[in-house]
Amino acid sequence: MKKRIFSIILIGMVIIMVCSCDNKEKKAELRAQETEAGREESLKKFTALQKLIAEKGVKLPAENNPVVLHKFNADPAVLVYDDTVYIYCTNDAQQAEFSLGKTDNGYEKINTLNVFSSKDLVNWTDCGIVKVAGPNGAAKWARNSWAPAICTKKINGKDKFFLYFADSANGIGVLQADSPLGPFEDPLGKALVSRGMPNIDGVYWLFDPAVIVDDDGTGYLYFGGGHQAEFIHPKSARCARLGEDMISLACDPIEIDAPFLFEDSGINKIGDTYYYSYCTNWQSRDGVQADPMLPIAVIAYMTSKNPLGPFEFKGYTLENPGTMFGPWGNNHHWIFSFRGKYYIAYHAQIIEKTLGFEKGGYRNLMITDFTVNEDGSWPIQKGTKAGVEQSGTFNPFEKVPAATMCYSRNMIVSSRQTVYALKDNAYLCIKGVDFAGGTSTPTVKVEVAPDHKGGSIEFRAGNFANGELLAKVEVGEETTATAAFTAPTDKLSDLFVVLSGDVELVSWVIDQYL
């Protein structure tokens, strides 16, 4: 009797276990279906261009160029402030969103600027856009925002930031802010430099500003470009001293006679020498006799002991990106110093063909080392996809915005600077993360966007495929989640943030800053 009762109980337990397993499997299956349905719904929130770049955009682990892959950017302007590099760019992504590469880049839709920041020149944070022109921009009088220039100056004891931009090819505007990231406002309500001003005749393209604040606090503005029949000495560049407020001109514009000038003014001071640099034009050199003779679309430079010239021609320095990466296009640059080294930021048409664009002119941001010879001259230089070496290490013990990375795979970067997995095991990589100095029992906390079905976020060191698993955060419908974090064996490691499921990452942080 006892055996019979025991058998009945055992059979009952087995049935319960089988049913329980079936229920778990059904729940898991329903959960997977719900997550996949959530992803399909979430993907509708992202643009065709964002999804296309996530699917086809490729940047190899050994490559630090292009600087960012998820946006098209051009005409970089660089600000080094508080040991951070900020780059402001013409938002070619705005034009690409409109055309999807079915037409050449016409620039007419661009009225915002992209901004990125980095403390090591390898890992970059997408800081969003500056709404410059048009009905939603700070400068409502302007139609476009191209080719920015940026600087900071202390006024009345406070750091102020000045962002100059081109309204198409017909004027130079200026915005100001109390922070590198704004908000920027238009202090004039009109262009700073416009047609009809003294000594502007002969400036065919009133665009491409450059700016410098000298050691004594005086600002100088450079701009202009274009040519008609006279292309050897078009005399279409100008420079002017800015007022103390940086939003007015303190003198009439002064002509710069830059040989073969096309566009792209640049200005630097090294020692006591001022360097004016620019992009040469595309006019055929066949049968042309000139001294100096310059190749097409390279970065040439001139020097002076005075910021307003006269400038003396010296040579050229940066080859056209077409000689390095394939597609030829305009050449636009910004030379800057960071932690005692010189670098040059520029753009190249690096991924448009990879994405299957039928037409071209969509540019990407690049940075490479820049050499200055001991005698102050600039040698002829080229860029590479390898780019620059990391300057310092990355600190994971402060809040990290999600759109911070060196490169990614299958990862959508949204217009809100969040990241989302196009498919499971999408990842982003942050290079050279220094894990030394954390607590003995670290924790990682993630912040996610609401209205998602959930998923997982893994943190792995060294290698995406088989690197050390440092943490796995299970994310539900809450907007924050935490998990134990194990510091990697190698305290200086690349970090991979891996997303699966329907989850949109906003930020993450490790340790004491929870």
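Restricting attention to region 330-339, does a residue exist that is open to solvent by 10 Å² or more (accessible area, probe 1.4 Å), touching a strand residue (DSSP E or B) at 6+ places or on another chain (Cβ under 7 Å), within 27 Å of residue 80 (Cβ to Cβ) and not in a strand (DSSP E or B)? The answer is yes; a qualifying residue exists. Within region 395-418, restricting attention to residues that are under 26 Å from residue 44 (Cα atoms) and among the basic types (Lys, Arg), the residue that is farthest from the chain's Cα centre (by Cα) is 409. In the condition set (1) crowded, with 24+ Cβ neighbours inside 10 Å; (2) closer than 22 Å to residue 336 by Cα, residue 180 is compliant with all but (1). Selection of first residues in region 36-47 that are farther than 13 Å from residue 418 by Cα and of second residues that are of a type in the set (Lys, Arg) and in a loop (DSSP other than H, G, I, E, B), restricted to Cβ pairs under 7 Å at least 6 apart or on distinct chains, gives the following pairs, ordered by first then second residue: 38/453. Taken over region 467-486, the criterion of being outside any strand (DSSP E or B) and open to solvent by less than 40 Å² (accessible area, probe 1.4 Å) is satisfied by 467, 476, 485.
Condition check ((1) in contact (Cβ under 8 Å) with a residue 40 or more places away in the chain; (2) touching a Phe, Trp or Tyr at 6+ places or on another chain (Cβ under 9 Å)) across all residues:
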position: 268; (1), (2): yes, yes
position: 282; (1), (2): no, yes
position: 289; (1), (2): no, no
position: 292; (1), (2): no, yes
position: 301; (1), (2): yes, yes
position: 305; (1), (2): no, yes
position: 318; (1), (2): yes, yes
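All conditions in (1) touching an Asp or Glu at 6+ places or on another chain (Cβ under 7 Å); (2) under 21 Å from residue 194 (Cα atoms); (3) crowded, with 24+ Cβ neighbours inside 10 Å hold for residue 235, with the sole exception of (3). Of the residues contained in region 419-434, none is found to be open to solvent by 70 Å² or more (accessible area, probe 1.4 Å), of a type in the set (Ser, Thr, Tyr) and within 27 Å of the chain's Cα centre (by Cα). Per the conditions (1) part of a helix (DSSP H, G or I); (2) under 18 Å from the mean Cα position of the chain (by Cα), the sole criterion not satisfied by residue 37 is (2). The selection criterion, being surrounded by 14 or more Cβ atoms within 10 Å (Cβ to Cβ) and touching an Asp or Glu at 6+ places or on another chain (Cβ under 6 Å), holds for residue 461.
Filter region 487-508 down to the residues that are assigned to a strand (DSSP E or B) and of a type in the set (Asp, Glu), then identify the one that is most open to solvent (accessible area, probe 1.4 Å). Before you say what the answer is, go through the steps one by one.
Pass one, region 487-508, residues assigned to a strand (DSSP E or B): 492-502, 504-508.
Subsequent filtering for residues that are of a type in the set (Asp, Glu) retains 494, 502, 504.
On the way: 494: 53, 502: 2, 504: 3 Å².
Across region 487-508, the extreme among qualifying residues is 494.
When 352, 358 are screened for being over 27 Å from residue 83 (Cβ atoms), part of a loop (DSSP other than H, G, I, E, B), open to solvent by less than 10 Å² (accessible area, probe 1.4 Å) and in contact with a Gly (Cβ under 9 Å, 6 or more places away or on another chain), only 352 passes. Here residue 450 meets each of (1) part of a strand (DSSP E or B); (2) surrounded by fewer than 17 Cβ atoms within 10 Å (Cβ to Cβ) with one exception, condition (1). For region 361-380, filtered to residues that are open to solvent by less than 10 Å² (accessible area, probe 1.4 Å) and aliphatic (A, V, I, L, M), the residue that is farthest from residue 89 (Cα to Cα) is 367.
Just the residues that are touching a Phe, Trp or Tyr at 6+ places or on another chain (Cβ under 9 Å) and not in a strand (DSSP E or B), please, taken from region 120-139. Lay out the reasoning, then the answer.
Narrowing region 120-139 to residues touching a Phe, Trp or Tyr at 6+ places or on another chain (Cβ under 9 Å): 120-127, 130-133, 138-139.
Hits for region 120-139 are 120, 121, 122, 123, 132, 138.
What are the residues in region 426-448 that are at pLDDT below 95 and either touching a Pro at 6+ places or on another chain (Cβ under 7 Å) or closer than 14 Å to residue 39 by Cβ (or both), if any? Across region 426-448, the qualifying residue is only 435. Of the residues in region 472-483, at least one is closer than 26 Å to residue 58 by Cα, at pLDDT 95 or above and touching a Ser or Thr at 6+ places or on another chain (Cβ under 8 Å).
Would a scan of region 253-262 turn up a residue that is at pLDDT 95 or above and within 28 Å of the chain's Cα centre (by Cα)?
Checked region 253-262: at least one residue is at pLDDT 95 or above and within 28 Å of the chain's Cα centre (by Cα).
Looking across region 296-325, the residues that are open to solvent by less than 50 Å² (accessible area, probe 1.4 Å), assigned to a loop (DSSP other than H, G, I, E, B), closer than 25 Å to residue 382 by Cα and of a type outside the set (Phe, Trp, Tyr) come down to 297, 298, 319, 320, 321. Just one residue in the set 149, 96, 142 is without any contact (Cβ under 8 Å) to a residue 60 or more places away in the chain and either open to solvent by less than 10 Å² (accessible area, probe 1.4 Å) or not in a loop (DSSP other than H, G, I, E, B) (or both); that residue is 142.
Within region 223-263, the set of residues being outside any strand (DSSP E or B) and closer than 18 Å to residue 149 by Cα comprises 225, 243, 244, 245, 246, 247, 248, 253. Of the residues making up region 264-277, just one is surrounded by 15 or more Cβ atoms within 10 Å (Cβ to Cβ) and either of a type in the set (A, V, I, L, M) or outside any strand (DSSP E or B) (or both), namely 267.
Looking at region 156-204 only, could you name the residues that are in a loop (DSSP other than H, G, I, E, B), of a type in the set (A, V, I, L, M, F, W, C) and in contact (Cβ under 8 Å) with a residue 60 or more places away in the chain?
Taking region 156-204 first, the residues in a loop (DSSP other than H, G, I, E, B) are 156-157, 167-169, 178-184, 186-192, 195-204.
Filter once more, so that each one left must be of a type in the set (A, V, I, L, M, F, W, C): 169, 181, 184, 188, 191-192, 197, 200, 203.
The answer is 181, and nothing else.
Restricting the search to region 212-232, which residues are open to solvent by 10 Å² or more (accessible area, probe 1.4 Å), more than 19 Å from residue 78 (Cα to Cα) and in contact with a Pro (Cβ under 8 Å, 6 or more places away or on another chain)? Working first, answer last.
As a first pass, look at region 212-232 and keep what is open to solvent by 10 Å² or more (accessible area, probe 1.4 Å): 212-218, 220, 227-232.
If we keep only those that are more than 19 Å from residue 78 (Cα to Cα) as well, we get 216, 227-232.
Answer for region 212-232, where residues must be open to solvent by 10 Å² or more (accessible area, probe 1.4 Å), more than 19 Å from residue 78 (Cα to Cα) and in contact with a Pro (Cβ under 8 Å, 6 or more places away or on another chain): 227, 228, 232.
Entry remark, region 278-295: residues being part of a strand (DSSP E or B) and of a type in the set (Phe, Trp, Tyr) number 1 in total.
The values are calculated or read from the model by the stated rules, or taken from the named source; none is laboratory data. Since the structure is predicted, the reported quantities are computational estimates derived from the model, not experimental observations. As a convention, Cβ positions derive from the backbone with ideal geometry for all residues, glycine included, and neighbour counts pool all protein chains shown. Keep in mind that these areas ignore ligands, DNA and RNA; they rest on the heavy atoms of the full protein, side chains included. Shrake-Rupley method; radii C 1.70, N 1.55, O 1.52, S 1.80 Å.
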